[in-house]
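A short worksheet on the structure shown next.
The values are calculated or read from the model by the stated rules, or taken from the named source; none is laboratory data. Please read these numbers as outputs of a predicted model, since none were measured by experiment. No Cβ is skipped: glycine too gets one built from the backbone with ideal geometry, and neighbour counts run over all protein chains shown. Note: areas computed on protein heavy atoms with side chains; ligands, DNA, RNA excluded. Shrake-Rupley method; radii C 1.70, N 1.55, O 1.52, S 1.80 Å.
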Amino acid sequence: MNYSLDEDDKPLVFRRSSKPDKWKCSPQPPKHSPKPRNDSDSEDDKPLSSKISSVLKGNINHAKNGPCKSASTPPKPQVKDEYSDDEKPLSSKFISKSNVGSLNKVQPNGSASKNNQSRNIGVNKRPLDEERSSGKVSVKKSKPLDSLTSVNRKPVTLKAETKSDDDDDDDDDVPISQRTKKQASSSSKPSSSKQKVVKKNSSSLNQTNKKSKKVVKKSKYSKPSKVPPGSGEGQKWNTLVHNGVIFPPAYKPHGVKMLYKGKPVDLTPEQEEVATMFSVMLDTDYMTKPKFKENFWGDWRKILGKNNPIQNLDDCDFKPIYEWHQNEKEKKKQMSTEEKKALKEEKMKVEEKYTWAIVDSVKEKVGNFRVEPPGLFRGRGEHPKMGKLKKRILPSDITINIGKDAPIPECPIPGESWKEIRHDNTVTWLAYWNDPINTKEFKYVFLAASSSLKGQSDKEKYEKARMLKGYIQGIRNAYTKDFGNKDVMKRQVAVATYLIDKLALRAGNEKDDDEADTVGCCTLKVENVEPSPPNILKFDFLGKDSIRYQNEVEVELPVFKAIQQFRTGKNGGDDLFDMLDTSKLNAHLKELMPGLTAKVFRTYNASITLDDMLSRETKDREVAENVVVYQHANKEVAIICNHQRSVSKSHSAQMTRLNEKIDELRGVIKELETDLARAKKGKPPLKNSDGKPKRNLNPEALEKKIAQTKAKIEKMERDKETKEDLKTVALGTSKINYLDPRITVAWCKRHEVPIEKIFNKSLLAKFAWSMDVDPSFRF
DNA sequence: AGATCTACTTAGTACACCCTAG
DNA sequence: CTAGGGTGTACTAAGTAGATCT
């Protein structure tokens, strides 16, 4: 890949012996106990958007009063851990009547399919998985769900570093629930944290764990702790030990000469390095963007110097370097598997100590311990800075955050030193540096998603979304009431909240001029929302990552009127919600529910949709069928959230091939039918197309063959359809970020679907905290 | 009351790798 | 056994949102 140009070409330059280790911890086994369930289904609180493809015509029915107080003292439907029917929110429901569809078959989201052209950069990606499992999943291997519970959280004794440790360092060893507790308990003493080096802790660790075990039991689905579990007021850890970050190798000049006006030119290594970054991108879409070239040229020229013979990018020919690079890639590909393996092992050895950190005596994986290599900035969409040189980051750019008593990581580049060392236990980052492209921003090194710290906050996120379930009816009632408020600001808040709720729009923070021009709810422009009488709104805008959102939605009349009114007297590029920004909106939301912000609606809508669809559509037949049901629900969520991907380069070729195969099979059927008719009359089959005689089969055999072939065709047709259907839909994003894993785990337990059919290894690690959920769990 | 800083989550893409159909 | 395509994962950009500053 391009950005790792230097990196993958050569072995890392730095090697540092790792320190002997002195840490040890001993976690322990998790456990849980399943129980029976009952699924009740409430119609209530589903997202409006959940009515897929029905016209969203939300009439809110203000039936019973919801819990909402628009005042600042909301009642708190406490989030229950176990949800019993009676606790469900009042019958809220956005009525999506007219789901008739007729012309307004509004999909909750611009049906992903129409927007291929919308993505600005994307090149390739591949099609989706959806169906594939169906064929192969075999029911039997399924491992009973409950066993899952323990999946992957095996107790391990860890020995920190030294031996490149168990191959399996990817499971982090302690059950999250335990870790959590431990932390909480130990955090009684705040940041003063006289931390002791882990070794010392180990004994106390055990106790703590024991203790926590009990606790765990009790609070199986722990409530969303108001106070961050780590508690000492924002404290995130007591002790933190890690080895810093690893740098990409220094640039190694290749000496391949590019041409200027047809003649080879000499470049200094520094000039060559930047030229190479550009060369390597010759076959990307960026080359069609003048901005990219302009920015690149601006930065490269500074390095070339004003008097350099190279005066103009258009006269440059980077092909020799491009070809050299292709060649290198090819060479690498040609290496034997052993060679590759050896190389990989070598790399792992060098990197091993950077891959983990020890947080409160627990070894955790680090997410991104590699400092970003230099390269050309690949902004998405029409980013004003695309093509600019992202300079090399040095140790002197990096601030390290580490426990007070932990050894400060040795700076891996001789003669240099870290910019700063901090001991801030109110944050979770291990290191950061200023982003060279936008110097006001930072790049952080965090723990991996599988870590307890991340797991905890993930869980809190979902608990908050579940809390919204208890408030949603009231909130909907309240904003519906405000559609006609004479106070413009209130009216705008109401309409914006409605859109966020109903369409799962993002909040829409303000953006600078030096970023791509994209919008979210609060930053929608007049031109992004076209009212079409009597009550249809046509949305068309570029959202996060410059992904286009296109949707036509039928809305309640008051909303429609309000939008028309917000637009009047403005130009297309003016803000639709001129009195609003995300902080005002969120401030308002916080009055409705503690901790509520705009993004919570996305999580809520996604998760409730999954929960609802699973409960409605699961038929409890084969595992494979259940998996399909899940994928279907997953897809709806992805559509609601507008999670897109670019169409794979080979998509159309693949479709063509599928069609050809289908045709071929149809021909086979025709032939078989002819033969069958003949066989019934006792005649031999016709000759093959190549004139050879065929085996003389009896009618039964022929019929069977026909049936088989037909089934094959049907399957292919289905595959084709899902493939086409999903060519622009990205399922992964919602799975990773929006769907409460407990919904999935509980459903798997209820329907005996092995969780591995749904979550891959990294998701299992990330969601370890959810594995012991009760099978009756409902969002 | 806005602007700016800071921290952390969410997002699509590139690419290595692995599996399967042929 | 190989090619093609799917899958997993690394990577890093692009969001959200709270805190703090002005």
> Any residue at all in segment A:454-468 that is part of a loop (DSSP other than H, G, I, E, B), in contact (Cβ under 8 Å) with a residue 40 or more places away in the chain and either in contact with a His (Cβ under 8 Å, 6 or more places away or on another chain) or basic (Lys, Arg) (or both)?
Replying inline: no
> Hey, among the residues in segment A:417-453 that are part of a loop (DSSP other than H, G, I, E, B) and of a type in the set (A, V, I, L, M), which one's farthest from DNA strand B (Cβ to nearest atom)?
Replying inline: A:Ile437
> What is the residue count in segment A:636-687 for residues that are on the phi > 0 side of the Ramachandran plot and open to solvent by less than 50 Å² (accessible area, probe 1.4 Å)?
Replying inline: 1
> Any idea which of A:Ile758, A:Ile736 is open to solvent by less than 30 Å² (accessible area, probe 1.4 Å), under 15 Å from A:Asn634 (Cα atoms) and of a type in the set (Val, Ile, Thr)?
Replying inline: A:Ile758
> Here is a list of conditions, (1) touching a residue at least 60 places away in the same chain (Cβ under 8 Å); (2) open to solvent by less than 20 Å² (accessible area, probe 1.4 Å); (3) within 16 Å of DNA strand B (Cβ to nearest atom), and A:Phe483 meets all of them except one; can you say which number that is?
Replying inline: (3)
>> Residues to consider are A:Val265, A:Val256, A:Val245; find the one that is within 16 Å of DNA strand C (Cβ to nearest atom) and at pLDDT 95 or above.
In response: A:Val245
> A:Lys704 fails exactly one of the following numbered conditions: (1) assigned to a helix (DSSP H, G or I); (2) open to solvent by less than 60 Å² (accessible area, probe 1.4 Å); (3) farther than 30 Å from A:Lys464 by Cα. What is the number of that condition?
Replying inline: (2)
>> If I filter segment A:705-727 for residues that are within 13 Å of DNA strand C (Cβ to nearest atom) and polar (S, T, N, Q), do I get at least one hit?
In response: yes
>> I need the full set of residues from segment A:560-582 which are surrounded by 21 or more Cβ atoms within 10 Å (Cβ to Cβ) and in a loop (DSSP other than H, G, I, E, B), in order please.
In response: A:Leu576, A:Phe577, A:Leu580
>> Against the definition (buried (at least 16 other Cβ atoms within 10 Å of the Cβ) and not assigned by TED's automatic domain parsing to the domain that holds A:Thr709), how does A:Ala587 come out, yes or no?
In response: no
>> Give me the residue from segment A:246-271 that is closer than 28 Å to A:Trp418 by Cα and touching a residue at least 40 places away in the same chain (Cβ under 8 Å) and, out of that set, most open to solvent (accessible area, probe 1.4 Å).
In response: A:Lys252
> Quick one: which of A:Ile321, A:Ile358 is of a type in the set (Val, Ile, Thr), within 27 Å of A:Gly379 (Cα to Cα), more than 13 Å from DNA strand B (Cβ to nearest atom) and assigned by TED's automatic domain parsing to the domain that holds A:Val280?
Replying inline: A:Ile321
> Exactly one of (1) within 16 Å of DNA strand C (Cβ to nearest atom); (2) surrounded by fewer than 19 Cβ atoms within 10 Å (Cβ to Cβ); (3) not β-branched (Val, Ile, Thr) is unmet by A:Pro534. Its number?
Replying inline: (1)
>> Which numbered condition in (1) within 15 Å of DNA strand C (Cβ to nearest atom); (2) under 14 Å from A:Val241 (Cα atoms) is the only one that A:Lys440 fails?
In response: (2)
>> What are the pairs with Cβ atoms under 6 angstrom where one residue, in segment A:376-387, is within 13 Å of DNA strand B (Cβ to nearest atom) and the other, located anywhere, is open to solvent by 40 Å² or more (accessible area, probe 1.4 Å) and at pLDDT below 95? Sequence gap at least six, or different chains.
In response: A:Gly381/A:Asn120
> Which of the residues belonging to segment A:350-381 are among the polar types (S, T, N, Q) and open to solvent by 20 Å² or more (accessible area, probe 1.4 Å)?
Replying inline: A:Thr355, A:Asn368
> Residues A:Gln326, A:Gln334: which one is open to solvent by 80 Å² or more (accessible area, probe 1.4 Å), polar (S, T, N, Q) and assigned by TED's automatic domain parsing to the domain that holds A:Asn425?
Replying inline: A:Gln334
>> Anything in segment A:470-516 that is small (Gly, Ala, Ser) and within 16 Å of DNA strand C (Cβ to nearest atom)? List them, or say none.
In response: A:Ala496, A:Ala504, A:Ala507, A:Gly508, A:Ala516
> Is there any pair linking a residue in segment A:722-738 that is assigned by TED's automatic domain parsing to the domain that holds A:Met655 and within 12 Å of A:Ala606 (Cβ to Cβ) to one that is open to solvent by 40 Å² or more (accessible area, probe 1.4 Å) and near DNA strand B (Cβ under 9 Å from one of its atoms), with Cβ under 9 Å and at least six apart or on different chains, and which?
Replying inline: none
>> Anything in segment A:537-559 that is of a type outside the set (A, V, I, L, M) and within 8 Å of DNA strand C (Cβ to nearest atom)? List them, or say none.
In response: A:Gly543, A:Lys544, A:Asp545, A:Ser546
>> With the structure loaded, tell me whether A:Gln473 is polar (S, T, N, Q), under 30 Å from A:Phe767 (Cβ atoms) and touching a residue at least 40 places away in the same chain (Cβ under 8 Å) or whether it fails that test.
In response: yes
>> Tell me yes or no: at least one residue of segment A:507-514 is in contact (Cβ under 8 Å) with a residue 12 or more places away in the chain, farther than 28 Å from A:Asn438 by Cβ, open to solvent by 60 Å² or more (accessible area, probe 1.4 Å) and not β-branched (Val, Ile, Thr).
In response: no
> Before we move on, is A:Ala633 open to solvent by less than 10 Å² (accessible area, probe 1.4 Å) and assigned to a helix (DSSP H, G or I)?
Replying inline: yes
